[in-house]
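J.: I am attaching a structure below and will ask some questions about it afterwards.
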Amino acid sequence: MIVFAIVDDHGEAPGADPPGGGVAFLLVQLGFQAGRQFGERLAPLGLEQRQAGMLARLAANEGRSQQAIAALLGINATQMVFLVDELERLGLVERRRNPADRRSHALYLTGPGRAMLARVKAVTAEHEASITAGLTHDEREQLLALLGRIAAGQGLAAQALPGLPPARGGGPAGAP
């Protein structure tokens with residue numbers, strides 16, 4: 001993601017906070033840092049961030065159709081197929097014929113997928129602790145609530161995978 005800003009002759013945005021002082025700037029800066037660090041923590045597991053996120057979402061929605069999970073996550077069918085194909089090649093996910101609709105597939109984690117998810121959860125907890133190390137428990141909870149409100153105000157669904165734009169039409173990404 002590249003962020004451009006209009007600046008005056010002195011390199012400052014007209015009427016803006018000094019560099020590093022705005023909420024959007026700090027969120028972008030922290031997002032890049034947190035994303036880079038999380039990617040580094042996942043690398044020894046052989047997973048990318050999007051794959052780890054998909055494992056967690058699949059575990060919470062196991063047995064649902066591929067199409068239903070794609071809608072929940074706010075991704076199109078083609079992206080979903082590619083991502084599930086990757087996880088299937090890694091032996092972490094399996095498609096099964098949906099007993100309720102033989103034209104669709106239901107998704108399930110495999111045994112190795114469950115083991116990998118446990119490892120991802122441990123890495124995620126370590127990452128969260130590292131990022132919020134300077135906060136008290138109450139401050140962390142307050143920050144989480146405020147960020148949740150900002151995300152909701154931007155139309156981002158709680159289940160959507162990071163990096164996806166809000167759904168068109170004003171509703172949250174991934175809303176049915």
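J.: Kindly evaluate ARG89 against the criterion of being of a type outside the set (Val, Ile, Thr) and in contact with a Leu (Cβ under 9 Å, 6 or more places away or on another chain).
T.: No, not satisfied.
J.: Please identify the pairs in which a residue from the stretch 63-82 that is within 21 Å of ALA100 (Cα to Cα) has its Cβ atom under 6 Å from the Cβ atom of a residue that is outside any loop (DSSP other than H, G, I, E, B) and acidic (Asp, Glu), counting only partners at least 6 apart or on another chain.
T.: Filtered contacts from the stretch 63-82: no entries.
J.: Do we find a residue being of a type in the set (Gly, Ala, Ser) and in a loop (DSSP other than H, G, I, E, B) anywhere in the stretch 108-128?
T.: no
J.: So, in the stretch 20-60, of the ones that are of a type in the set (S, T, N, Q) and in contact (Cβ under 8 Å) with a residue 24 or more places away in the chain, which residue ends up surrounded by the fewest Cβ atoms within 10 Å (Cβ to Cβ)?
T.: GLN37
J.: With respect to ARG102, is the statement that it is more than 16 Å from the chain's Cα centre (by Cα), surrounded by fewer than 16 Cβ atoms within 10 Å (Cβ to Cβ), part of a strand (DSSP E or B) and not β-branched (Val, Ile, Thr) true?
T.: In short, yes.
J.: Can you tell me which residue is modelled with the highest pLDDT among those in the stretch 86-99 that are in a strand (DSSP E or B) and farther than 11 Å from LEU55 by Cα?
T.: Only one residue tops the list, namely GLU94.
J.: Considering only the stretch 70-85, I want to know if a residue exists there that is more than 30 Å from ALA133 (Cα to Cα), more than 18 Å from the chain's Cα centre (by Cα) and not in a helix (DSSP H, G or I).
T.: no
J.: Please work out which residue is nearest to the chain's Cα centre (by Cα), limiting yourself to the stretch 132-147 and to residues that are of a type in the set (S, T, N, Q) and surrounded by 12 or more Cβ atoms within 10 Å (Cβ to Cβ).
T.: Result: THR132.
The values are calculated or read from the model by the stated rules, or taken from the named source; none is laboratory data. Computed from a prediction, not measured in an experiment: that's the story for all the values here. Cβ atoms come from the backbone with ideal geometry, glycine included; neighbour counts cover every protein chain shown.
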